[in-house]
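Trainee: Mind having a look at this structure? Questions to follow.
The values are calculated or read from the model by the stated rules, or taken from the named source; none is laboratory data. Keep in mind the model is a prediction, meaning the values are calculated, not measured. Cβ: placed from backbone, ideal geometry, glycine included. Neighbour counts: every protein chain shown. Accessible surface is based on the protein model in full, side chains and every heavy atom, while ligands, DNA and RNA are left aside. Shrake-Rupley method; radii C 1.70, N 1.55, O 1.52, S 1.80 Å.
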Amino acid sequence: MSLESELEVLNLKSIMRQKLVEVEGVPLYSKTAENWDSIWNFKAQPDDLIICTYPKSGTTWIQEIVDMIQQGGDPQKCARAPIEKRIPFLEFFPPKPRLFGLELAEAMPSPRLLKTHLPVQLLPPSIWQHNCKIIYLARNIKDCAVSYFHFHLMNTTLPEPGNWDQFLEDFIAGNVNWGSWFDHVHGWWNAKSDHPVLYLFYEDVKEDPAQEICKIAQFLGLELSELVVNQIVQHTVFESMKVNPFVNYTTVPAYLMDHTISSFMRKGIVGDWKKHFTVAQSERLDGICAQEFKGSSLTFRTHL
Ligand code: A3P
């Protein structure tokens, strides 16, 4: 191995199994916390479009759908680069000289499409000031927890998850990267009454992708022909994304994402939680959800 590639590996290894550090009470990657001032002072442009999700809610799926909409349904144009290079991940700080996050966003011409997992209260203020459009995708807590557990196993930038029982407790308590799922989905649900936020659900996209694609296009002020909608549906169906190297993260070095432990494109279904939750865990979480959602108009489906 050349000295250069050895240094590259050493550099990348510096982001493995990062500790979480709280920013305003929300656990985030230590590298994110270290760079918090520059994230908070991010300068948005009025035509920035933000994709926001709690991790493992189908971020990559909606990113590819939105890029396909913007590229008029042309898969070749979406194959211009892997997804993390097309759509900067605002608060992710890879070691230099890699550009994925804030610096990539700053180097990119407008109009930009940006990704974040930040909870509503941590969104850089300039995004609100410019009234940027935001697409929020939410996923039911049970499938989200299962997906996040497997992601911790294969993605070595995240802390060691322990076993499923331990991870589920941390997840419910919000002791995971990007904090509490409850706070996240509620915070963004409330934000949509004052801001241009299109709030979507993973389960709805799974059930009727064409309908949700049309909703997004309408939100962006675009009209799509039936042919283009069908092209987008076909290109972004799970089976197609699973084998597409521009979205499936197989181009990331294996010591950062080990797909032999668990694929990034793992199952892509609603209801996989039933294979992981014990009856007691499921009932307990139902009780917690009943409390957390008391008086809220926000509801989720855990099966289709
Ligand atoms: P599973 O682990 O349940 O399979 P994110 O992009 O936010 O990290 O979310 C990843 C989750 O979305 C994974 O869930 C992944 O399989 C699923 N996913 C990705 N693309 C999808 C698609 N086209 N259709 C359905 N699910 C998809």
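Trainee: Would you confirm, using the coordinates I've provided, whether K242 is within 16 Å of the ligand (Cβ to nearest atom), under 21 Å from the mean Cα position of the chain (by Cα) and not polar (S, T, N, Q)?
Mentor: yes
Trainee: Taking the condition of being out of contact with any Phe, Trp or Tyr (no Cβ under 6 Å at 6 or more places or on another chain) and more than 10 Å from the ligand (Cβ to nearest atom), how many residues in segment 136-153 meet it?
Mentor: 2
Trainee: Scan segment 109-121 for residues that are over 12 Å from A191 (Cβ atoms) and in contact (Cβ under 8 Å) with a residue 60 or more places away in the chain and jot them down. Before the answer, list the steps.
Mentor: Taking segment 109-121 first, the residues over 12 Å from A191 (Cβ atoms) are 109-117.
Within segment 109-121, S110, P111, R112, L113, L114, K115, T116, H117 meet the criteria.
Trainee: Here is a further query. Based on this model, can you work out whether Y54 counts as over 14 Å from the mean Cα position of the chain (by Cα), more than 19 Å from V237 (Cβ to Cβ) and within 16 Å of the ligand (Cβ to nearest atom)?
Mentor: no
Trainee: Confirm whether P94 is at pLDDT 95 or above, away from the ligand (no atom under 15 Å from the Cβ), buried (at least 19 other Cβ atoms within 10 Å of the Cβ) and more than 13 Å from the chain's Cα centre (by Cα).
Mentor: Spelling it out, it is not the case that P94 is at pLDDT 95 or above, away from the ligand (no atom under 15 Å from the Cβ), buried (at least 19 other Cβ atoms within 10 Å of the Cβ) and more than 13 Å from the chain's Cα centre (by Cα).
Trainee: Follow-up. For G72, all conditions in the list (1) open to solvent by less than 70 Å² (accessible area, probe 1.4 Å); (2) outside any loop (DSSP other than H, G, I, E, B) hold save one; what is the number of the exception?
Mentor: The failed condition is (2).
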